[in-house]
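For reference, the structure discussed in these notes is given below.
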Amino acid sequence: MNRFWNDIKTSFKEGNFLTKLIYINAGAFAVLKLAIILCKLLGASTYWVQYLEMPAYIPTLLQQPWSLLTYMFLHTHFAHAIFNLIALYYFGQLFLQFYSQKQLVAVYIWGGLAGAAVYLLGFNLFPYFASVKMVSFLLGASASVMAILFAAVGYAPNSEVNVTLIGNVKLKYIGLAFLCIDILGLGAINSGGSMAHIGGAIMGYVFALLLQKGTDLSQPITATIDWCVNHFSRKSSAGKKRFKVTVNNTRNMSDAQWNMQRKEREKARQERIDEILEKIKKSGYQNLSDEEKKSLFDLTKPTK
């Protein structure tokens, strides 16, 4: 069991931001679901879950503003969670062909907020929802996932994706199919979810259009991510320096061993350079993450 958890922690730590988003959603679902099951077994109320969901009724939302963020990372139904995680994985892979990892997180959050805004607007504007808005809540990553898909659609609408049993389909038609399903679902039982999906789709598409004109909506969020990463990195580095121990294992190496180790390091270095250059070729230098730009600079510096 310890090995399992160590593998999970290593995978989370070394994975890209898409991997981290998937782990966060999966972990949040597991914790929330287990807590709900435990409450039911003990005969306790599960009313507290509503404090994590985003309410349609504005006075209630004002009492729990944090739900604007928590709702987009949480699920209570297994099928809902699995579908969103699978969609997040595939659409996230598409997204990363055109944008950076930090932009993925930013679009995820912006998409969730836009979905929440359209959901609130719909439930408080249309008389159809007047009788249920006080007891209606939004939960799930669907709006964020739609934003990620439509950001890719906006960047490369004519890119083709291989769809099982169908073949190659242009990205714009995949996006259009999802959008039509949600428009047709506006009068169904999950009207709120459909409205949130449409809001996420609009945000993703607007993000792509504005970025092409030079306005990057991800900057406020990526700046926050940078600050958090740097802040915790400094703390971690400070802690490590206190107990730093340097061990020189090269003194007992033979020349053949040393040369083999050097060749392995050089091979790994070249593979990383090739990986970054391939991304530049596909989507341009401007879409590299800060970590990739730094890696490219460090790896291509002349050695002394």
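Nothing in this text is a laboratory measurement; each read-out follows from the coordinates by a stated rule. On a predicted model such as this, the values are computed, not experimentally measured, just so you know. Reconstructed Cβ throughout: ideal geometry from the backbone, glycine too, with neighbour counts over all protein chains shown.
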(request) For region 99-131, name all the residues that are of a type in the set (G, A, S), within 19 Å of the chain's Cα centre (by Cα) and not in a helix (DSSP H, G or I). (result) S100
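Regarding region 87-98, can at least one residue be identified that is touching a residue at least 12 places away in the same chain (Cβ under 8 Å), of a type in the set (S, T, Y), closer than 21 Å to F137 by Cβ and assigned to a helix (DSSP H, G or I)?
Restricting attention to region 87-98, the residues satisfying the condition of being touching a residue at least 12 places away in the same chain (Cβ under 8 Å) are 87-89, 91-98.
The next check asks that each one be of a type in the set (S, T, Y); those that pass are 89.
Subsequent filtering for residues that are closer than 21 Å to F137 by Cβ retains none.
No.
Give region 28-48 a look and list any residue that's without any contact (Cβ under 8 Å) to a residue 40 or more places away in the chain and either over 25 Å from Y119 (Cβ atoms) or touching a Ser or Thr at 6+ places or on another chain (Cβ under 7 Å) (or both), or say none. Write out each step before concluding.
Residues of region 28-48 without any contact (Cβ under 8 Å) to a residue 40 or more places away in the chain: 30-31, 34-35, 37-48.
Within region 28-48, A30, L34, I37, L38, C39, K40, L41, L42, G43, A44, S45 qualify.
Report whether or not A156 is under 18 Å from I202 (Cα atoms), in contact (Cβ under 8 Å) with a residue 60 or more places away in the chain and aliphatic (A, V, I, L, M).
On the way: under 18 Å from I202 (Cα atoms): yes; in contact (Cβ under 8 Å) with a residue 60 or more places away in the chain: no; aliphatic (A, V, I, L, M): yes.
It is false that A156 is under 18 Å from I202 (Cα atoms), in contact (Cβ under 8 Å) with a residue 60 or more places away in the chain and aliphatic (A, V, I, L, M).
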(request) Looking only at region 10-48, count how many residues are surrounded by 11 or more Cβ atoms within 10 Å (Cβ to Cβ) and within 23 Å of the chain's Cα centre (by Cα). (result) 21
